[in-house]
1. In nm, what is the difference between 0.36 nm times the number of residues separating Leu186 and Ile276 and their Cα-Cα distance?
2. Compute the distance in nm between two label points, each set 7 Å from the Cα along the Cα-to-Cβ direction, one at Val147 and one at Ile129.
3. Under 15 Å from the Cβ of Met132, count the other residues' Cβ atoms, weight Lys and Arg +1, Asp and Glu -1, and hand me the total.
4. Rolling a 1.4 angstrom probe over the protein chains, ignoring ligands and nucleic acids, what is the accessible area of Arg182 in square angstrom, nearest 10?
5. Once you've got the Cα coordinates, tell me which of Lys143/Lys284; Lys229/Lys284; Lys202/Lys284; Lys3/Lys101; Lys35/Lys232 are over 22 Å apart.
6. Once amide H atoms are built 1.01 Å from N in the peptide plane, which residues 5 or more positions from Cys74, or in another chain, come under 5 Å H to H?
7. Among residues other than Leu327 whose Cβ falls under 15 Å from its Cβ, what is the net charge (Lys/Arg +1, Asp/Glu -1)?
8. Do any trypsin sites (Lys or Arg not before Pro) in segment 217-296 lie in a loop, going by DSSP, with at most 14 other beta-carbon atoms within 10 Å of their beta carbon, and if so which?
Amino acid sequence: MEKTPTWAVAVVCFVLIVISIFIEHIIHVVEHWLKHRNKRALGEALEKIKAELMLMGFISLLLTVLQDPVSGICISKNIGDTWHPCDPDKKEGRKLLQFDKVAFMSAYAIHQLHIFIFVLALFHVLYCIITMALGRTKMRKWKAWEVETQTLEYQYYHNDPDRFRFARDTSFGRRHLNSWSRSTILLWIVCFFRQFWGSVKKVDYLALRHGFIVAHLTPDSGTRFNFQKYIKKSLEEDFVVVVGISPILWFFAVLYLLSNPDGWYSYLWLPFIPLIIILLVGAKLHMIITEMGLRILERGDVVKGTPVVQPGDDLFWFGNPRFILFLIHLVLFQNAFQLAFFVWSMASKSVINCFHPRLEAIVIRVLLGVIIQFLCSYVTLPLYALVTQMGSTMKPTIFNDRVAKALKNWSHGAKKKKHGHRDHYHSEGNSPFSSRPASPTHGMSPVHLLHSNHHKSVD
């Protein structure tokens with residue numbers, strides 16, 4: 001591929017990705033149709049097929065099928081000599097075809113691309129495993145803080161509801177309500193450096209736990225609710241998103257391949273982009289905690305009991321806590337992509353090659369790859385799992401699996417019944433006073449499931 005223009009490689013990858021996504025969408029449509037028709041056995045069979053045919057497998061298969069047609073496409077030599085990843089004066093030219101034409105992309109270049117996609121798949125899976133392992137290792141330290149909330153000392157002294165204090169004199173206030181917290185620039189600077197040591201402090205964990213319980217649960221559930229377990233389950237759900245590769249991530253991968261022409265020196269500056277993104281995300285998460293503390297002061301200088309932080313989606317970028325997860329997902333994929341590209345180029349050519357012509361470029365890429373992986377997995381992802389609980393809504397993982405499934409089915413049935421009443425009203429011309437209420441009636445609510453589960457799970 002060092003003899004192929006970067007735009008040609010990017011175009012081939014883009015076409016293959018679009019075709020693969022289209023095929024995957026067709027399978028999803030067929031699966032939805034089978035479920036709608038209650039074809040359970042066929043649906044399970046299709047689910048197994050879909051699990052086998054991953055997107056990378058589609059791309060590899062298409063590379064094999066389209067190798068000869070793509071390599072047979074001819075383009076002008078003037079166009080083919082643009083945007084090469086290596087210095088044209090230090091490499092042999094591609095084979096000239098008739099009428100001064102060159103191959104759009106040679107069969108050997110497509111074979112190399114095939115190998116690279118396989119290497120990328122291995123790195124992506126490996127990175128996902130490391131990410132989850134490091135994240136859960138960090139969150140395991142919070143278990144001791146959760147156990148402490150069950151002690152009498154915490155319940156009757158630290159969390160005394162009748163105790164009056166100045167907000168700045170509380171442990172949470174001393175950490176966040178300072179002179180620098182009123183300046184946006186100073187706040188960004190402090191929050192930027194906070195993520196490098198003790199990214200999640202005990203006082204922050206307890207304050208966010210208390211605010212979550214006050215906002216979403218009953219007041220007496222503080223001694224029974226396991227916040228650490230809830231965060232861990234929520235992170236496991238988010239991990240399902242992290243292991244996937246969305247079309248927009250493939251789009252960024254194509255841009256990465258496009259950014260490697262000779263003279264752009266992308267091997268020196270491109271590895272820093274994921275690092276900058278993940279550091280900004282970490283700083284923003286710390287800023288959200290401080291901003292919740294500043295809102296306590298807006299309600300008054302004196303607080304009764306433990307300071308209560310109020311959740312809200314407006315604290316996050318674009319009012320969407322999930323956007324933070326997208327940025328983390330993007331960083332993890334780009335980091336895996338760049339290291340996979342480095343390992344592939346080193347194995348295909350040599351340690352020093354036209355993709356990495358200088359030793360310092362290799363050191364930068366490998367060192368930043370390790371640093372980004374550690375920051376993202378051990379620092380930012382656990383912090384994200386904690387802070388995003390302070391959005392306006394709580395996640396369904398607060399229920400155990402059986403109750404959550406029952407509530408979803410009940411909600412779906414209630415919506416269908418409500419929609420049916422509306423259709424009946426419009427078709428029969430009933431007056432509002434004679435129509436039956438659209439709210440769930442007796443027998444629809446799954447409350448009986450709660451009676452059989454309260455002794456199994458305090459959640």
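The values are calculated or read from the model by the stated rules, or taken from the named source; none is laboratory data. What you are looking at is a predicted structure, and each value in this text was computed from that prediction instead of being measured. A quick note on method: Cβ atoms are made from the backbone with ideal geometry, for glycine too, and the neighbour counts reach across all protein chains shown. The protein model used for the area step is the full one, side chains on, heavy atoms only, and it has no ligands, DNA or RNA in it. Shrake-Rupley method; radii C 1.70, N 1.55, O 1.52, S 1.80 Å.
1. On the way: separation 90, 0.36 × 90 = 32.40 nm, distance 1.83 nm.
Full-extension gain reported as 30.6 nm.
2. It is 3.0 nm.
3. Details: positive: Arg136, Lys138, Arg140, Lys232, Lys233; negative: Glu236, Glu237, Asp238.
Its environment carries a net charge of +2.
4. Taking all protein chains as shown, Arg182 has close to 150 Å².
5. On the way: Lys143/Lys284 25 Å; Lys229/Lys284 24 Å; Lys202/Lys284 19 Å; Lys3/Lys101 15 Å; Lys35/Lys232 31 Å.
Cα-Cα > 22 Å for Lys143/Lys284; Lys229/Lys284; Lys35/Lys232; rest within.
6. Phe104
7. Working: positive: Lys284, Arg322; negative: Asp238.
Around Leu327, the charge tally is +1.
8. Numbers: sites: Arg224, Lys229, Lys232, Lys233, Lys284, Arg295; in loops: Arg224.
Loop-located and lightly packed - Arg224.
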